[in-house]
Amino acid sequence: MRATLPSGTPVEVAAAPLGGATNAGATHDGAARTGLVIAPDIFGLRPLYDEMVAHLARTWGMPVAAVEPFPGRTLGPEIEPRVAQVPTLDDDAHLRDLEDAAQCLGTPRVALMGFCMGGMYCLKSVRSARFDRIVSFYGMIRVPERWRSAGQREPLGYLSDTDGTNADRVLAILGGKDPYTPPDDVRALRLTGTTVVLYEEADHAFAHDPARPVHRPDDAADAFARAREWVTDVR
């Protein structure tokens with residue numbers, strides 16, 4: 001179901017199925033204890049994410065919301081107009097939308113999961129105490145040069161802050177052949193305390209979109225299983 005956040009940003013929301021909260025833990029009345037916010041890739045909300053939200057709500061037993069990264073803009077399906085718009089995005093505004101989506105889920109705990117550009121914003125969102133667990137699928141560890149702007153701080157900057165941001169809440173799922181996350185960046189990410197799972201033969205975006213030629217079904221299944229375990233681990 002499409003809804004709108006207070007900022008006007010579109011969000012796709014699915015409720016947890018009745019009696020389906022066993023894997024996320026549950027409150028005393030059987031409601032889901034954990035909710036999940038999704039930060040999509042650069043192509044934003046589309047049928048892929050509508051289906052993902054519904055599927056994860058049903059199979060993970062929790063309410064799920066996916067947030068549009070380019071609200072108020074008509075960009076179409078081509079990547080170049082979207083790349084050109086990334087420098088106009090602002091970390092604070094994006095985090096506000098993710099936190100507002102968390103609020104609409106109505107659960108005591110909220111996890112955050114994102115893909116590609118959304119995975120980068122997951123790494124940046126470690127500064128927020130709103131998210132108990134964070135999963136970044138092949139998020140950029142350093143902002144690509146074409147994306148840089150005054151509103152885009154480096155993910156490693158947020159992760160390396162010493163003000164209680166707790167990078168140990170973060171699981172980063174990466175591909176060993178991903179040009180967006182080269183080995184030096186991966187080493188720097190590990191040093192922050194982030195948990196890194198590296199699929200050596202995988203390229204960028206290997207897990208979340210079966211239509212892509214880089215999709216690796218076995219690695220994808222394993223990665224989502226790890227993500228589910230991370231999200232539902234109640235400490």
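The values are calculated or read from the model by the stated rules, or taken from the named source; none is laboratory data. Everything numeric here is computed off the predicted structure, so don't read it as measured data. Counting neighbours? That spans all protein chains shown, and the Cβs are built from the backbone with ideal geometry, glycine included.
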Exercise. Could you say which residue among Ala205, Ala172 is touching a residue at least 60 places away in the same chain (Cβ under 8 Å) and either in contact with a Phe, Trp or Tyr (Cβ under 6 Å, 6 or more places away or on another chain) or within 25 Å of Trp147 (Cβ to Cβ) (or both)?
Worked result: Ala205
Exercise. Does Met1 fit the bill of being at pLDDT below 95, hydrophobic (A, V, I, L, M, F, W, C) and in contact with an Asp or Glu (Cβ under 8 Å, 6 or more places away or on another chain)?
Worked result: yes
Exercise. Hey, any hits in the range 49-58 for a residue that's in contact with a helix residue (DSSP H, G or I) (Cβ under 9 Å, 6 or more places away or on another chain), closer than 23 Å to Asp233 by Cα and of a type outside the set (S, T, N, Q)?
Worked result: yes
Exercise. Are any of the residues in the range 92-102 within 18 Å of the chain's Cα centre (by Cα) and outside any helix (DSSP H, G or I)?
Worked result: no
Exercise. Counting only residues that are in a loop (DSSP other than H, G, I, E, B) and at pLDDT 95 or above, how many does the range 158-191 have?
Worked result: 7
Exercise. Any residue at all in the range 198-209 that is at pLDDT below 95 and over 14 Å from the mean Cα position of the chain (by Cα)?
Worked result: no
Exercise. Would it be correct to say that Arg216 is without any contact (Cβ under 8 Å) to a residue 12 or more places away in the chain and surrounded by 13 or more Cβ atoms within 10 Å (Cβ to Cβ)?
Worked result: no
Problem set entry | Total residues in the range 4-32, condition modelled with pLDDT under 95 and crowded, with 21+ Cβ neighbours inside 10 Å | 4
Exercise. Do you know which residues across the range 116-157 are of a type in the set (Lys, Arg), assigned to a loop (DSSP other than H, G, I, E, B), within 27 Å of Cys104 (Cβ to Cβ) and out of contact with any Lys or Arg (no Cβ under 9 Å at 6 or more places or on another chain)?
Worked result: Arg130
